[in-house]
1. Helix 2-28 versus the longest principal axis of the chain: what is the Cα-based angle in degrees, 0 to 90, to the nearest 10?
2. Principal axis lengths of the chain from Cα atoms, whole Å, largest first?
3. Of all the accessible heavy-atom surface of the chain, with the other protein chains kept in place and a 1.4 Å probe, what percent is carbon and sulfur?
4. Just the number please: accessible area per residue for the chain, 1.4 Å probe, all protein chains included, in Å².
5. State the extension gain, in nm to one decimal, for the chain segment bounded by R51 and I23, taking 0.36 nm per residue of separation less the distance between their alpha-carbons.
Amino acid sequence: MQRNRALMVLAWAFSAAAVAAAIHNAVTGTGTRECAELLTASLILQFFYVRSLKQNKY
């Protein structure tokens, strides 16, 4: 359960950081690579979170 909660918090944190980076990129026109890396990390963490939830359900 703690692992699931940690994955969820990390996924949401990286998602929020990706949104903030996207806004910063739109305003300044820089930071496209960082935005892509944060978005990729958030998607990977969300995938592992959902997979662990599915494994614990069955």
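1. Around 10 degrees separate the two axes.
2. Largest first, the chain extends 46, 14, 10 Å along its Cα principal axes.
3. Numbers: 3110 of 4520 Å².
About 69 percent, which is the carbon plus sulfur part of the accessible surface.
4. For the chain, the per-residue accessible area is 78 Å².
5. Values: separation 28, 0.36 × 28 = 10.08 nm, distance 2.96 nm.
7.1 nm is the gain from fully extending R51 to I23.
The values are calculated or read from the model by the stated rules, or taken from the named source; none is laboratory data. Because the structure is predicted, anything quoted here is derived from the model rather than measured. We work out accessible area using only protein heavy atoms, side chains counted, and drop any ligands, DNA or RNA first. Shrake-Rupley method; radii C 1.70, N 1.55, O 1.52, S 1.80 Å.
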